[in-house]
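The values are calculated or read from the model by the stated rules, or taken from the named source; none is laboratory data. Fair warning: this is a prediction, and the values are worked out from it, not measured in the lab. Here the Cβ positions follow ideal geometry from the backbone for every residue, glycine too, while neighbour counts run over all protein chains shown. Just so you know, the surface numbers come from the protein's heavy atoms only, side chains and all, with ligands and any DNA or RNA stripped out. Shrake-Rupley method; radii C 1.70, N 1.55, O 1.52, S 1.80 Å.
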Amino acid sequence: MKTRLVWLRNSGQTVAVGAANSLPPSSAVVRLDQMSGPVYTVPVPDMILDYMDFNDPMLALSSWIGQIGDFGLDLVWRFIHIVVTLWHIVSGIFESVESYAISLGLIQKYSSIDIEKLKCLAVVVDIEAARDVSKVIELLQWLTTIGVKQVGLFDSQGLLKKSKDMILEMVPRSVLLQETGEKHISPDRIALEFISSSDNKEAVVKAANILLEKYLKSIHPENGVGENVFTESHLNEALRVVGESVHVPDLLLVYGPVRSHLGFPAWRLRYTEIVHMGSLKYMRYGSLLKAIHKFTGVRQNYGV
Amino acid sequence: MREHVGKSSKLFNGFTTIMRRFIFKVLCVGPIPNHISFIMDGNRRFAKKHNLQGLDAGHRAGFVSVTYVLQYCQEIGVPYVTLYAFGIDNFKREPEEVKCMMDLMLEKIELTIDQAISGNLKDLKVIFAGDLNLLNERLKVAAQSLMELTEQNRGLVAVVIVAYSTSHEIVQAIRESCVRKCVDGDSPLVLEMSDVEECMYTSIVPDPDLVIRSGGIDRLSNFMTWQSSRSLLHTTAALWPELGLWHLVWAILKFQRMHDYLQKKKKQKLD
C-alpha cells in the first residue's frame with residue numbers, strides 16, 4: 001500500500017492534513033482514525049479541498065502545466081515592464097533635448113514668464129537627494145534668477161532645516177520667511193521657508209489641542225456646551241500660534257523618483273498644482289522654466 | 001442579418017473579455033495597489049466636447065465610466081476603491097446644476113439598491129463617506145439604505161466620497177475628537193494623532209497607494225491630502241467618461257515600477 005498525503009473535510013470548517021498508510025486505492029471517505037503519523041488541523045474558511053493523491057500522474061501533469069503557465073505570465077509581465085522602461089528612457093531623452101533648447105532660449109514661448117502669478121512656490125525634495133545640499137542651492141539660485149519671491153523647501157526628515165544656515169548664506173539675497181513675514185519681502189530678495197514632516201500632522205494635532213483648550217474654557221457650566229471653535233479660520237489661527245505658516249503654495253515641484261508629495265503639510269496643499277520634475281541630481285533649468293510657464297497658464301475653477 | 005450581427009457582437013464581447021482577463025492575469029504577477037482613489041474630473045468638459053444636452057449629460061456619461069472602473073478593479077482584485085464624486089466646493093456651482101447632480105446621484109443609488117435587492121451585487125460593498133448631513137434628506141436616506149444592504153458583502157469595497165474636502169474633514173475630525181475626549185472621563189484631556197485620525201470620514205479605508213486624477217489637472221483639489229503622503233499621484237489627460245481599461249492598466253504599471261520605492265518610504269519614520 002502506498003503512503004498518501006490526505007486532506008480531510010469534516011462537517012465544520014477545519015481540515016485535517018496527514019498521512020494515511022492503509023487505505024484501499026479509491027477510498028472516497030477517510031476517517032481520522034485511519035491516518036497515521038502527525039495530523040495537522042488547518043482552518044480553511046469557505047473552501048473545500050478534495051481527497052488528493054500525489055502519486056497520481058494527472059495531478060502532477062496539471063500542476064506542471066500550471067507552473068509553466070505562471071512562468072509564461074511572469075515572462076510577459078517582465079517584457080511589458082521592459083517596454084515601459086524603454087518608453088520612459090526615450091521620453092526622458094526628448095525632455096532633455098527640449099529642456100536644453102529652452103535653456104538656450106530657442107523656444108520662443110518660454111522666453112518670458114509672468115512671474116507675478118506665482119506668489120508662493122514650494123519644492124519637495126526626496127530625502128536621499130537632499131543630502132546633496134549643493135544641488136538645492138543651485139536650484140534656489142535658478143529660482144532667484146527667474147524672479148520667484150517666496151520658496152518653501154520641504155523634505156520629510158528635516159535635513160534641509162538642519163542645513164538652513166548654510167543655504168541662507170550660499171543663496172544670494174535670501175532671507176528666512178519667518179523673520180520678514182509674508183508681506184514684507186523686498187523686490188530683490190527671495191524668502192525661504194524650511195518645512196518638514198513635523199509641520200504636517202504633528203502640527204495639526206498641536207493646533208487641535210489648542211482648540212480643545214479653548215473649547216474647554218468656553219464650556220457653559222449650565223448646559224455643558226462650549227463655543228464653536230471648530231472652523232477653518234480657528235484652525236488657521238491655532239496653526240499660527242504653534243508657529244506654522246498657513247500660506248497655500250500655488251505650485252509644488254517634486255524632485256524625486258516619484259510624483260508624490262511625501263508628507264508636505266496637508267492643510268496647505270489643497271489647491272496646489274503638483275508637478276514632478278524628476279531627480280534632483282539631474283535637474284534641468286529648461287524643465288524648471290517649462291513647469292513655471294505651464295503654471296502661469298493654468299486656470300482654476302476651485303470646484304465651481 | 002440581425003442574428004448574424006447579434007452573434008458576431010457576442011463573439012466579439014467574448015473575445016474582449018478573454019483578452020481583458022488575460023491582461024489582468026499578467027498585471028497581477030506584480031504588486032497590485034491595495035487602495036486606488038479616483039478623482040473623477042472632466043464630466044462637464046466631456047459634455048461640452050460632444051455637444052451633449054442637459055446639465056447632467058456629462059455626469060451620466062461619467063457614471064458609465066464608474067461601472068466599468070469598478071468592474072475592472074474587481075477583476076484585478078483591488079480591495080479598496082475610492083471615488084471622489086462630489087466636493088464641498090461643488091456646492092458653489094449654479095443651484096440648478098447642483099440639484100441636477102443630486103437628483104442623478106439619487107437615481108443611480110436607487111438603481112444600485114434595486115441591483116442589490118435582486119442579488120446582483122454580492123461582491124461589492126458600497127460605503128458613502130463625507131459630511132452626509134449636507135445632502136438632502138432623500139439622498140441621505142437612500143445612501144444609508146445602500147450601505148446597509150451591502151454591509152455584509154465581501155469583495156471590492158467601493159467608497160463614494162460626497163460632500164467632502166480635506167479641510168472640512170480635518171476640522172470635523174478635530175471637533176469630533178474633542179467632543180469624544182470631553183465625554184470620555186477616563187483619559188487625559190490631550191489629543192493624540194490617532195484620536196484625530198479615527199474621527200476622519202475616510203478612516204474606514206487604508207491610505208491610498210495610487211491616486212488617479214482624470215481630466216489632465218495636476219492638483220489634488222482638497223482631496224485626501226492628509227492620507228496621500230506616500231501615494232503615487234497619477235494624472236491622465238483623458239476626461240473621466242473617456243477613462244478606460246488602458247488608462248487604468250498604465251497607472252497600475254507605473255505603480256508597480258515605483259512599488260519598492262513607495263514601500264521604502266512607508267517604512268521610514270512617518271509624519
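The figure for A:Trp87 is an accessible area of roughly 140 square angstrom, using a 1.4 Å probe on the protein chains alone. The mean accessible area for residues of the protein assembly as shown, using a 1.4 Å probe and ignoring ligands and nucleic acids, is 51 Å² per residue. Once the C-beta distance of A:Met170 and A:Ser96 is scaled by a Förster radius of 35 Å, the resulting FRET efficiency is 0.85 to the nearest 0.05. Charges were assigned to the Cβ only: +1 to each Lys and Arg, -1 to each Asp and Glu. The resulting dipole of the range B:147-271 about its Cα centre is roughly 660 debye. The Cα atoms of the range B:120-268 define a convex hull whose projected area, averaged across directions, is 11.9 nm². Once the mean of 1/r is taken over each pair of separate Cα atoms and inverted, the range B:69-204 shows a Kirkwood hydrodynamic radius of 16.5 Å. Take the accessible area of chain A alone and of chain B alone, subtract that of the pair, and you get about 5000 Å² summed over both chains, using a 1.4 Å probe.
Per-residue Karplus couplings for the range A:79-89, computed as 6.51 cos²θ - 1.76 cosθ + 1.60 with θ equal to phi - 60°, are listed in order as 4, 4, 5, 5, 4, 5, 5, 4, 4, 5, 5 Hz, Gly and Pro entered as x. Give the distance, in whole Å, between the Cα centre of the range B:96-147 and the Cα centre of the range B:166-223. What the calculation gives is 23 Å, centre to centre. Inter-chain Cβ neighbour count for A:251-262, averaged per residue, equals 5 (cutoff 10 Å, partner chain atoms only). Protein heavy-atom surface of the range A:102-237, 1.4 angstrom probe: 50% of the accessible area is carbon and sulfur, with nucleic acids and ligands not counted.
Can you pull the Kirkwood radius for the protein assembly as shown, inverse mean 1/r over Cα pairs, to one decimal in Å? It works out to 27.5 Å.
Return the whole-Å distance between the Cα centroid of the range A:183-239 and the Cα centroid of the range A:91-162. First find each Cα centre; the distance between them is then 30 Å. Using bins of 5 Å that start at zero, the share of Cα-Cα pairs per bin across chain B amounts to 1, 5, 11, 15, 17, 17, 14, 9, 6, 3, 1, 1, 0, 0, 0, 0, in whole %. For the residues of B:260-266, the average number of beta carbons from a partner chain within 10 Å of their own beta carbon is 3. Using Cα-only point scatterers and the Debye equation, what is log10 of I(q)/I(0) for the range A:139-243 at each q in 0.11, 0.25 Å⁻¹, rounded to two decimals? Treating every Cα as an identical point scatterer, log10 I(q)/I(0) equals -0.49, -1.27. Relative to the first principal axis of the alpha-carbon coordinates of chain B, what is the inclination of helix B:166-183, with its axis defined by its Cα atoms, in degrees from 0 to 90 and to the nearest 10? With rounding to tens, the tilt is 40 degrees. Once the gyration tensor of the Cα atoms in the range A:234-304 is diagonalised, the equivalent ellipsoid follows with semi-axes of 26, 17, 10 Å, ordered largest first. For B:Ile127, the residues 5 or more places off, or on other chains, whose built amide H falls under 5 Å of its own are B:Ala158, B:Val159, B:Val160. For the range A:243-266 and the range A:286-300, what is the separation of their C-alpha centers, rounded to whole Å? Cα centroid of the range A:243-266 versus Cα centroid of the range A:286-300: 16 Å apart.
Taking a point 7 Å from the Cα of A:Ile146 along the Cα-to-Cβ direction, the residues of the range A:288-304 with backbone N closer than 16 Å to it are A:288-298. The calculated FRET efficiency for B:Ser194 paired with A:Glu138, based on their beta-carbon distance and R0 = 41 Å, is about 0.50.
Taking Cα centre as origin and charging only the Cβ of basic (Lys, Arg, +1) and acidic (Asp, Glu, -1) residues, the dipole magnitude of the range A:214-300 rounds to 640 debye.
The eigenvalues of the Cα gyration tensor, multiplied by 5 and square-rooted, give the range B:170-230 an equivalent ellipsoid with semi-axes of 30, 11, 8 Å from largest to smallest. Where only DSSP H runs of four or more residues are counted, chain B gives -16500 deg cm²/dmol as its mean residue ellipticity at 222 nm, each run worth -39500 (n - 2.57). Once all protein chains are placed together, A:Val125 keeps about 0 Å² accessible to a 1.4 angstrom probe. Out of the total accessible area of the range B:215-271 (probe 1.4 Å, heavy atoms of protein only), what percent is carbon and sulfur? With neighbouring chains kept in place, the figure for the range B:215-271 is 58 percent.
Over the C-alpha trace of the range A:176-304, radius of gyration and Dmax come out as 18.8, 66 angstrom. With all protein chains in place and ligands, DNA and RNA left out, the 1.4 Å accessible area ranks B:Tyr84, B:Tyr164 as B:Tyr84, B:Tyr164, largest first. For the range A:223-239, a reduction of at least 30 Å² in accessible area between the chain on its own and the assembled protein chains (probe 1.4 Å) is found at A:Phe230, A:Glu232.
In the range B:1-79, taking the dipole from charged Cβ atoms about the Cα centre, the farthest positive-side position among B:Leu11, B:Val64, B:His35 is held by B:Leu11. Between B:Leu232 and B:Leu210, B:Val211, the built amide H atoms are under 5 Å apart, and every one of these is 5 or more places off in sequence or on another chain.
The dipole here belongs to the protein assembly as shown: it is taken about the Cα centre, uses +1 on the Cβ of Lys and Arg and -1 on the Cβ of Asp and Glu, and is about 1520 debye. In this label model, A:Leu104 and A:His220 are separated by 7.5 nm, measuring between points 7 Å along each Cα→Cβ vector.
Derived scalar couplings between HN and Hα for the range A:59-73 equal 5, 4, 5, 5, 5, 5, 5, x, 5, 5, x, 4, 4, x, 4 Hz in order, rounded to whole Hz, by the Karplus curve 6.51 cos²θ - 1.76 cosθ + 1.60 (θ = phi - 60°), x for Gly and Pro. Compared with the alpha-carbon gap, the fully stretched path from B:Arg45 to B:Asn120 is longer by 23.8 nm at 0.36 nm per residue. Protection proxy ranking for A:206-214, B:207-215, using the average of other Cβ atoms within 10 Å per residue and placing the highest first: B:207-215, A:206-214. In the structure shown, the pairs A:Lys119/B:Lys140; A:Lys162/A:Lys201; A:Lys294/B:Lys140; B:Lys25/B:Lys122 are assessed against 29 Å; a Cα-Cα span above that value is assigned to A:Lys119/B:Lys140; A:Lys294/B:Lys140. Across the range B:38-124, the fraction of Cα-Cα pairs farther apart than 22 Å, rounded to a whole number, is 33%. Take A:Lys109: with every protein chain present and a 1.4 Å probe, its accessible area is about 120 Å².
Which one of B:Leu134, B:Leu232, B:Ile174 is farthest out on the positive end of the charge dipole of the protein assembly as shown, using unit charges on Cβ (Lys, Arg +1; Asp, Glu -1) and the Cα centre as origin? Checking the options against the dipole of the protein assembly as shown, the answer is B:Leu232.
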